[in-house]
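To start, the structure under review is shown below, and the notes come after it.
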Amino acid sequence: MSSFPESAANVEPSDLSLLEQWPTAERADKPEEACGVFGVYAPEEAVATLTYFGLYSLQHRGQEAAGIAAYDQGEVHLHKGTGLVSQVFTDEALKEIPGQWAVGHTRYSTTGSSHAVNAQPAVLETRLGSMALTHNGNIVNVNSLREALLKRENYSLVTTSDSELIAIALMEAVNDGDDWVEGAIAAFKRCEGAFSLVIGTPAGIIAARDPHGIRPLVLGYMGHQAPNGVGAGYSAGQFVVASETCGLDIVGATYLRDVDPGELLWIDADGVRSVKWAHAERKLCIFEMIYFARPDSVFHGESLYSYRKRIGQQLAKESPADVDLVMAVPDSGVPAAIGYSEASGIPYAEGLIKNRYVGRTFIQPTQTMREAGIRMKLNPMRDVLEGKRVLIVDDSIVRGTTSRKLVQMLYDAGATEVHMRISSPPVTHPCFYGIDTDSQDQLIAATKSVAEIEAQLGADSLAYLSWEGMLAATGVAVDSFCSACFTGDYPIDIPVQVKNSKLMLEKIPAAV
Ligand code: SF4
């Protein structure tokens, strides 16, 4: 039996070959986000179009593929493909996705390759009708789930994605019972790792988070009238779920609350019902706050712009410098650079201009362009930098290749000194929970001290934000975050085989 019968039908062979040609060396020198998920229950509205705009606002969470599945009188309509949201959907395509509720997904591959067959939503047939699953995160017990499935004769896995394994677990559980919620809970209990899920069914939408709430997921409502209810449930209305609040804003929805770790929401014509399906131990990914999520998204009651400005202020206190101007690596370093400038009193300036229209291009740069390095994305402002002692703020360093080119670029543009400040601690460990941070041997801070990295980048000075400073600035309990890529202290156990696939086997020196 083909588990994802619709997937292959939507894949253009050319999509696949193009993605396979994408050279690893050209990948961004940043951790890359896993996915964005979105769902809307609004029987009176054009739900496919709302989902399109929701995905549009979550585009930063994945640029490799996008898809929408809408339910019309219980029948599912699916459209998905590789590329940006604006490339996958046209007006005509959206008109052909009628429905009263819909779910959508933007993908960046972590587990599973970039193949278009892994695009979501993943639609599977169950005894209760078609379900459409969207997933943000990473399952760590993927090998044992896969082995269990492959032992059964009637399964042949179509994708290389861990999301397919969740979908099959859910399909099996639903087929064994007669209730979507009970089936979902049984399936989630078999999955270990990070998952924020939005699942379409012929009867309504399921939104759920893993017991640690590693990836974010929020609930909102549409219309002027807030639904009656409290955390345990809400009366009938129009509801939206999204990875981040920016996904609510774009469709005019109002934030109600986060979906809690270990919670499942069932959304249908009667409203929203909450089920706590597991004991929760909150461990939100701190990197969501530092870098991944959009600065206009709200976490813990404030925009991430405010949090990121605050960590810039903290960085200025921890690592001052005698310079003429403070600048950012745009766009993600901007709020922290402004915070640094405010706290230090050193003027902020735009020393680099970002080409906002550079997406992923499949056209190979010429050798001359390669030597020019990162100029396709960033261009230095000579008249701002010439003769100046410059402090540049970035949110993180992963492999260090881009940072080295950046420092050189600033000197070439006339800076007399270049001091680098990073608004997070050194990244010493890979992520197993849905973020692509390379294997440990690729992480520059895993093997080099700060002084060695400073020398490799060619900067006059380099300093990172302290781990304590990063967490204290959140204003919430410091133990409610995962910060394993800075400490190696993984909150969810990882099977040895999976761990060894990304971790160096020998002990690494402390990166300080
Ligand atoms: S390991 Fe790092 S990137 Fe992964 S979930 Fe934890 S804090 Fe986030």
Helix-derived [θ] at 222 nm for the chain: sum -39500 (n - 2.57) over DSSP H runs of at least 4, divide by residue count, nearest 500? -7500 deg cm²/dmol
Mind giving me the nanometre distance, one decimal, between the label points for Thr254 and Glu147, set 7 Å out from Cα along Cα→Cβ? 5.2 nm
For Asp179 and Ser461, FRET efficiency with R0 = 60 Å and r from the beta-carbon atoms, rounded to 0.05? 0.50
Per the 1/(1 + (r/R0)^6) rule, R0 = 41 Å and r from the Cβ atoms of Ala93 and Asp322, FRET efficiency to 0.05 is 0.15
Give me the percent of accessible area attributable to carbon and sulfur for the chain, probe 1.4 angstrom. 51 percent
Around Lys276, under 10 Å between beta carbons, what's the net of Lys plus Arg minus Asp minus Glu among the other residues? -2
Heavy-atom accessible area ranking, 1.4 Å probe, most first, across Arg209, Arg294: Arg294, Arg209
Zone of Lys189 (label point 7 Å along Cα→Cβ, backbone N under 14 Å): which residues in the stretch 266-285? 276-279
Order the following by accessible area, largest value first: Met470, Met504. Probe radius 1.4 Å; ligands, DNA and RNA are ignored. Met504, Met470
Any lysines whose Cα falls less than 20 Å from that of Lys405, other than same-chain ones fewer than 8 residues away, would be Lys30, Lys354, Lys377, Lys388, Lys448
In terms of the Cα gyration tensor, with a ≥ b ≥ c the square roots of its eigenvalues, is the chain rounded because a/c is under 1.5, prolate because a/b exceeds b/c, or oblate? prolate
Quick one: which residues, 5+ away or cross-chain, put their amide H under 5 Å from the amide H of Leu217? H built at 1.01 Å from N. Val259
Which net charge results when you count Lys and Arg as +1 and Asp and Glu as -1 among the other residues whose beta-carbon is under 15 Å from that of Glu386? -2
Based on the Cβ-Cβ distance of Gln408 and Val476, what FRET efficiency does E = 1/(1 + (r/R0)^6) give at R0 = 35 Å, to the nearest 0.05? 0.35
Taking only Cα atoms, what is the 0 to 90° angle, nearest 10, from helix 47-57's long axis to the longest principal axis of the chain? 20 degrees
Per residue accessible area in Å² of the chain, where ligands, DNA and RNA are left out and the probe is 1.4 Å: 39 Å²
Which angle between 0 and 90 degrees, to the nearest 10, do you get for helix 304-318 versus the longest principal axis of the chain when only C-alpha atoms count? 30 degrees
Solvent-accessible surface (1.4 angstrom probe) belonging to Asp493, in square angstrom, nearest 10: 130 Å²
Order of exposure, largest accessible area first, which applies to Tyr255, Tyr234 with probe 1.4 Å: Tyr255, Tyr234
Per residue of the stretch 386-393, what does 6.51 cos²θ - 1.76 cosθ + 1.60 with θ = phi - 60° give for ³J(HN,Hα)? Whole Hz please, x for Gly and Pro, Karplus curve as stated. 3, x, 9, 8, 10, 10, 10, 10
For His429, tell me the accessible area in Å² from a 1.4 Å probe, rounded to the nearest 10. 30 Å²
Helix 334-344 axis, angle to the chain major axis (alpha carbon atoms, nearest 10°): 40 degrees
The chain: relative contact order in percent, alpha carbon pairs under 8 Å with at least 6 residues between: 13 percent
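The values are calculated or read from the model by the stated rules, or taken from the named source; none is laboratory data. These numbers were taken from a predicted model, which means no experiment stands behind them. Don't worry about glycine lacking a Cβ; one is built from the backbone with ideal geometry, like all the others, and counts go over all protein chains shown. Surface accessibility is based on the protein's heavy atoms, side chains included, excluding ligands, DNA and RNA. Shrake-Rupley method; radii C 1.70, N 1.55, O 1.52, S 1.80 Å.
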